[in-house]
Amino acid sequence: MQFRIRNATPADLPAVLAMNEAAVPHVNSLSPARMQHLCKQATWFRVATRQTDQELSAFLIGLTPEAEYDSPNFLWFCRNYPSFAYIDRIAVADDARRSGLGTALYDDFEAAFLNRVPLLVCEVNLRPANPASMEFHHRRGFTQAGSQVIDNGNKEVAMMVKQLTR
């Protein structure tokens with residue numbers, strides 16, 4: 001399958017929201033209003049579409065510290081690092097998994113911020129565990145810089161960082 005990565009448009013939001021909700025608990029659930037706010041704050045909002053029919057197959061939303069965003073994970077990074085590019089969420093449609101889209105979106109994001117910020121950051125679920133995501137991030141050079149318990153004690157995340165400046 002061939003894919004095209006492009007900037008997201010307002011017309012993509014319904015499909016992005018549906019894909020986000022299908023990926024819970026690996027990403028947090030968002031209301032339509034909260035998704036709109038997040039997208040307005042995003043420094044980076046890209047989607048991957050199938051070249052054959054332009055159907056949305058994946059998305060990645062990223063922010064930098066100046067965003068007005070009250071996610072406890074984003075705020076943890078703001079408290080601990082003055083400059084970074086934060087991957088807030090990524091999701092890949094079921095029929096596009098194992099196609100390399102996650103890697104392609106990460107490569108796209110990382111290339112945009114290389115030598116602009118010192119760190120690429122994100123979180124990975126420890127509880128409920130997401131071992132595939134943890135393995136993916138370790139392969140990409142991320143290390144755990146901390147952890148925090150969120151969602152009234154129902155979730156724990158590993159705070160992951162990767163050096164970007166070379």
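The values are calculated or read from the model by the stated rules, or taken from the named source; none is laboratory data. Quantities reported herein were computed from a predicted structural model and do not represent experimental measurements. Glycine gets a Cβ as well: all are built from the backbone with ideal geometry, and neighbour counts include every protein chain shown.
Before moving on, here are some points about what is shown:
- Test: residue in segment 153-161 that is in contact (Cβ under 8 Å) with a residue 60 or more places away in the chain, surrounded by 12 or more Cβ atoms within 10 Å (Cβ to Cβ) and out of contact with any helix residue (DSSP H, G or I) (no Cβ under 9 Å at 6 or more places or on another chain): yes
- On the stretch given as segment 43-56, residues that are of a type outside the set (Lys, Arg) and over 14 Å from ASP108 (Cβ atoms) total 6.
- Checking every residue in segment 16-28 against the condition of being at pLDDT 90 or above, β-branched (Val, Ile, Thr), under 14 Å from the mean Cα position of the chain (by Cα) and within 26 Å of VAL117 (Cα to Cα) gives zero matches.
- Qualifying residues in segment 29-53 (those that are more than 15 Å from the chain's Cα centre (by Cα) and among the hydroxyl-bearing types (Ser, Thr, Tyr)) - the one farthest from PRO131 (Cα to Cα): THR52
- Out of ARG116, ARG97, ARG79, sole residue that is of a type in the set (Lys, Arg) and over 24 Å from GLN41 (Cβ atoms): ARG97
- Elements of type helices (runs of 4 or more DSSP H) in segment 31-138, at least 2 residues being surrounded by fewer than 17 Cβ atoms within 10 Å (Cβ to Cβ), at pLDDT below 90 and of a type outside the set (D, E, K, R): none
- Residue check: GLU21 meets all listed conditions (1) in a loop (DSSP other than H, G, I, E, B); (2) out of contact with any helix residue (DSSP H, G or I) (no Cβ under 6 Å at 6 or more places or on another chain) but one, namely (1).
- Hey, GLY146 among the small types (Gly, Ala, Ser) and either free of Cβ contacts under 8 Å to residues at least 12 places away in the same chain or outside any strand (DSSP E or B) (or both) or not: no
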